[in-house]
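Inspection log for the structure reproduced underneath, given as structure tokens.
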Amino acid sequence: MSATETIDLDFEKGNFHYDTEYDYDAGTGLSEATIDYISGVKEEDSWVRDFRMKGLRTFTDKPMPTHWATRDLDNIDFNKIRYYLSKGQTPSRTWEEVPEDVKNTFERLGIPEQERKFLAGVEAQFDSEAAYSRMKDDLAKEGVIFVGSTEGLREHPEIFRRWFGKVIPTSDNKFSALNSAVFSGGSFIYVPPGVKVKQPLQAYFRINAENFGQFERTLIIADEGSEVTYMEGCTAPKFETSTLHSAVVELVALKGAKIQYITVQNWSNNVFNLVTKRARAEEEAEVKWIDCNIGSRLTMKYPGVILKGRKARGEVLSIALAGDGQHQDTGAKMIHAADETSSNIIAKSISVGTGRSSYRGIVNVPRNLKGCKNNTECDALLINSNSRTDTYPAITVRGDGNSVQHEASVSKVSAEQIFYMRQRGLSEAQAMSLSVNGFVNDLVREFPMEYSVELKRLIEMEMEGSVG
Amino acid sequence: MDSLHIEKLNVSIGEKSILNDFTLTVPKGEVHALMGPNGTGKSTLAKVLAGHQDYHTDSGSVLLDGKEILGKEPDEISHAGLFLAFQYPLEIPGVSIANFIRAAIESRLGAEESLDAPAYYRRLYEKMDLLQIDRKFTSRSLNEGFSGGEKKRAEILQMAMLEPTYCILDETDSGLDIDALKVVSNGVNFMRSNERGSLIITHYQRLLDYIVPDVVHVMWDGRIVKSGGKGLALELEEKGYDWVKDELAVACS
Ligand SMILES: Nc1ncnc2c1ncn2[C@@H]1O[C@H](COP(=O)(O)OP(=O)(O)OP(=O)(O)O)[C@@H](O)[C@H]1O
Ligand SMILES: [Mg+2]
């Protein structure tokens with residue numbers, strides 16, 4: 001189909017790209033015509049197209065949130081972005097059928113190998129569409145659905161339409177509106193009542209093209225008493241120009257269901273990563289976000305849980321690493337809306353060099369509720385005096401029968417500590433990554449094994465890159 | 001050649017000069033003691049040898065088995081075989097002793113080599129037993145919340161695991177009770193060999209009862225002013241540093 005020559009090769013795992021020819025290209029810039037194009041190639045129902053058009057209007061109307069967020073957002077030029085690029089709308093079910101350059105990309109990122117080792121299903125997205133999507137046969141027999149958003153809306157509207165855009169309304173923020181207008185790719189998952197998916201389902205999001213915007217849309221519905229773990233990984237090559245990644249992820253955990261959503265993000269530092277993630281947890285349901293943000297130019301992401309049913313539990317465990325020149329603006333939202341709901345937030349941020357970390361949280365427990373609990377812990381580690389860290393916890397807990405615990409700490413890795421470690425033979429980068437690993441250690445212990453190994457490797461890579 | 005050789009080392013920090021034409025040779029196979037009053041520059045010497053960047057070296061040279069190490073990075077100097085047991089060991093939160101030493105050993109392996117984990121733990125436990133360090137310390141964060149004596153033992157443990165060619169012990173005895181002093185001395189004596197040289201910085205001759213030095217040096221005002229056998233330490237303890245000062249005054253007049 002197209003040439004498979006490697007253009008860039010770097011020691012960093014994700015930093016390479018293939019010169020790919022796309023069969024579907026919506027061109028540059030955003031207008032109603034862009035949406036007609038995307039909706040057309042996907043052969044969407046009119047309600048989806050209307051949903052997109054409303055998204056576009058909302059996006060255009062909403063101001064950039066620079067009154068509270070960083071001014072760097074103003075540097076995104078929406079007219080220069082390419083909103084849809086693909087080689088087709090139907091993913092392959094075997095790796096052999098995946099176009100060569102795309103297959104090579106995922107081979108180099110180790111996806112097929114991971115699939116063989118420990119995954120129950122994989123979806124691999126290349127720019128706008130999934131190139132590969134497959135789930136183990138026994139899960140299909142149990143009624144589990146794991147497809148891309150294009151396929152999900154087309155084949156199973158009766159399941160997905162009910163929740164689509166309901167956890168995160170289009171108007172939630174400027175970028176959720178943008179996503180609603182041009183979304184493509186992402187995963188649609190449905191787990192039937194009582195089904196416990198033992199191994200994780202994984203999606204991998206790969207940006208390959210320059211000036212590209214990736215807008216995946218994920219919706220996971222765990223029906224009553226079911227369990228599922230979903231992992232997402234992301235990479236992009238280093239381009240001179242900036243790239244936009246703006247996803248919307250909605251989770252629905254029905255009564256007694258458990259969802260664990262794990263992100264391993266390793267964006268290159270030209271990526272604006274502006275993502276809206278939220279879950280709705282019904283009675284006795286449990287949602288856990290494990291969110292690790294490494295790389296990117298600017299990340300703004302505050303995973304949340306709306307605790308809708310009695311005894312629902314929500315948790316956010318997050319690690320943000322802001323290397324030189326990067327800004328990680330991350331946090332968590334816990335909206336308690338029923339009695340005896342509990343939430344736990346542990347956020348650890350690391351700032352290196354001129355890197356900057358901000359924690360933004362919202363915890364809300366209204367007066368009429370009883371027996372709600374929240375625990376919030378924010379720890380920051382500074383490596384190097386230029387680093388900056390801000391914390392905006394915003395915890396509102398009303399009513400007598402509710403309890404809240406909040407702790408925050410800032411610590412530093414001193415030059416003397418680095419000297420001490422180097423005296424034992426560690427390089428500066430090794431000393432730094434050991435300190436970082438030590439700092440996140442107690443949190444990482446809660447993560448699945450495969451994930452903590454990957455995280456450790458990413459931290460090392462980032463530290464290598466941050467010393468001269 | 002087979003020595004740690006320091007030649008006319010001049011070191012300053014800001015306007016203040018700390019080491020003045022400091023000269024000393026510690027041959028392989030020997031243990032030297034370095035004594036001297038507070039603030040005379042002993043720790044500064046130790047840190048400069050280890051490659052600390054805060055100090056300015058105005059002139060001089062430091063040869064490790066004939067190779068210049070001045071101006072080298074701390075990790076390069078470590079890999080070249082020099083170990084410094086710190087007077088004030090630093091806390092490394094979240095990093096266990098076992099993982100820390102493991103990382104230090106791994107930093108010495110070639111790209112193709114990998115650490116034999118079971119053998120590593122066997123050796124670690126062996127050295128911990130020698131230094132009477134409880135096994136539960138392996139998983140504790142390095143030096144975090146350790147007592148003064150525990151920190152010093154952990155320094156010697158690292159030294160024993162890394163098997164350096166030259167060891168500098170900066171006041172490893174201060175803060176140790178008498179039993180710990182014996183244990184630590186035991187560890188140091190265990191490492192005595194023809195293949196290793198040591199420089200032991202101390203204020204107390206008591207340590208030298210356990211670790212018997214080949215040579216004792218007295219430092220004053222950034223240089224060595226007197227060297228002698230083990231007896232020198234005893235004499236010093238008896239007469240105090242004023243005695244050296246008086247002798248110096250006589251010599252200089
Ligand atoms: N980083 C520094 N900045 C300023 N002055 C320093 C610094 N390091 C050492 N000095 C000064 O240099 C002198 C020598 O200090 P050093 O710690 O080497 O002495 P010492 O012989 O080890 O003393 P002690 O027996 O008390 O351990 C002291 O006057 C000290 O204040
Ligand atoms: Mg000292």
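Brief remarks follow.
- Remark: pairs (first residue in segment B:162-181, away from chain A (no Cβ under 14 Å) and without any contact (Cβ under 8 Å) to a residue 24 or more places away in the chain; second residue more than 11 Å from ligand 2 (Cβ to nearest atom) and polar (S, T, N, Q); Cβ separation under 9 Å; 6+ apart in sequence or on different chains) = B:179/B:132.
- Of residues in segment B:161-211 being more than 16 Å from ligand 1 (Cβ to nearest atom) and of a type in the set (Val, Ile, Thr), the one farthest from the chain's Cα centre (by Cα): B:178
- Residue satisfying all of: in segment B:134-146; closer than 25 Å to residue A:439 by Cβ and either within 14 Å of chain A (Cβ to nearest Cβ) or not in a helix (DSSP H, G or I) (or both); farthest from ligand 2 (Cβ to nearest atom) among these: B:139
- Within segment B:147-192, being over 20 Å from residue B:82 (Cα atoms) and within 16 Å of ligand 2 (Cβ to nearest atom) holds for B:148, B:174, B:175, B:176.
- Residues of segment A:396-427 that are part of a loop (DSSP other than H, G, I, E, B) and more than 7 Å from every other protein chain (Cβ to nearest Cβ): A:398, A:399, A:400, A:401, A:402, A:414.
- Filtered by the rule that a residue be touching a Gly at 6+ places or on another chain (Cβ under 9 Å) and at the interface with another protein chain (Cβ under 7 Å from one of its Cβ atoms), segment B:74-87 gives B:74, B:75, B:78, B:79.
- Selection count where residues are under 23 Å from residue B:211 (Cβ atoms), outside any strand (DSSP E or B) and either out of contact with any strand residue (DSSP E or B) (no Cβ under 9 Å at 6 or more places or on another chain) or within 16 Å of ligand 1 (Cβ to nearest atom) (or both), scope segment B:23-41: 5
- A residue that is basic (Lys, Arg) and either under 20 Å from residue B:35 (Cα atoms) or away from chain A (no Cβ under 13 Å) (or both) occurs somewhere in segment B:148-157.
- Helices (runs of 4 or more DSSP H) fully within segment A:111-222 that include at least 2 residues being in contact with a Lys or Arg (Cβ under 9 Å, 6 or more places away or on another chain): A:111-118, A:149-155, A:174-182.
- Hey, residue B:195 in contact with a strand residue (DSSP E or B) (Cβ under 8 Å, 6 or more places away or on another chain) and of a type in the set (D, E, K, R) or not: no
- Candidate set: segment B:11-22, residues that are near ligand 1 (Cβ under 7 Å from one of its atoms) and of a type in the set (Val, Ile, Thr); chosen: the one farthest from residue B:192 (Cα to Cα): B:13
- Top-ranked residue of segment B:72-87 - restricted to ones that are touching a residue at least 60 places away in the same chain (Cβ under 8 Å) and part of a loop (DSSP other than H, G, I, E, B), ranked as nearest to residue B:203 (Cα to Cα): B:87
- Single residue of segment A:223-249 satisfying the filter (in a loop (DSSP other than H, G, I, E, B) and hydrophobic (A, V, I, L, M, F, W, C)) that is surrounded by the fewest Cβ atoms within 10 Å (Cβ to Cβ): A:239
- Flag for residue A:367 being within 14 Å of chain B (Cβ to nearest Cβ), of a type outside the set (Gly, Ala, Ser) and more than 23 Å from residue A:73 (Cα to Cα): no
- Scan of segment B:88-133 for residues that are within 14 Å of another protein chain (Cβ to nearest Cβ) and in a helix (DSSP H, G or I), ordered by number: B:97, B:98, B:99, B:100, B:101, B:102, B:103, B:104, B:105, B:106
- Verdict on residue B:231 being in contact with a Pro (Cβ under 7 Å, 6 or more places away or on another chain), more than 16 Å from ligand 2 (Cβ to nearest atom) and closer than 25 Å to residue B:4 by Cβ: no
- Odd one out for residue A:138, checked against (1) buried (at least 18 other Cβ atoms within 10 Å of the Cβ); (2) among the acidic types (Asp, Glu); (3) without any contact (Cβ under 8 Å) to a residue 24 or more places away in the chain: (1)
- The residue that is farthest from residue A:263 (Cα to Cα), among those in segment A:283-315 that are among the β-branched types (Val, Ile, Thr) and out of contact with any Lys or Arg (no Cβ under 8 Å at 6 or more places or on another chain), is A:299.
- Considered as a group, the residues in segment A:428-468 that are outside any helix (DSSP H, G or I) and touching a residue at least 12 places away in the same chain (Cβ under 8 Å) include one that is farthest from the other protein chains (Cβ to nearest Cβ), and that residue is A:448.
- Subset of segment B:42-71 (residues that are within 11 Å of chain A (Cβ to nearest Cβ), assigned to a loop (DSSP other than H, G, I, E, B) and modelled with pLDDT of 95 or more): B:50, B:51, B:52
- Number of residues in segment B:9-44 that are within 16 Å of ligand 2 (Cβ to nearest atom), among the β-branched types (Val, Ile, Thr) and under 26 Å from residue B:240 (Cα atoms): the value is 3.
The values are calculated or read from the model by the stated rules, or taken from the named source; none is laboratory data. All values derive from a computational prediction rather than experimental measurement. A quick note on method: Cβ atoms are made from the backbone with ideal geometry, for glycine too, and the neighbour counts reach across all protein chains shown.
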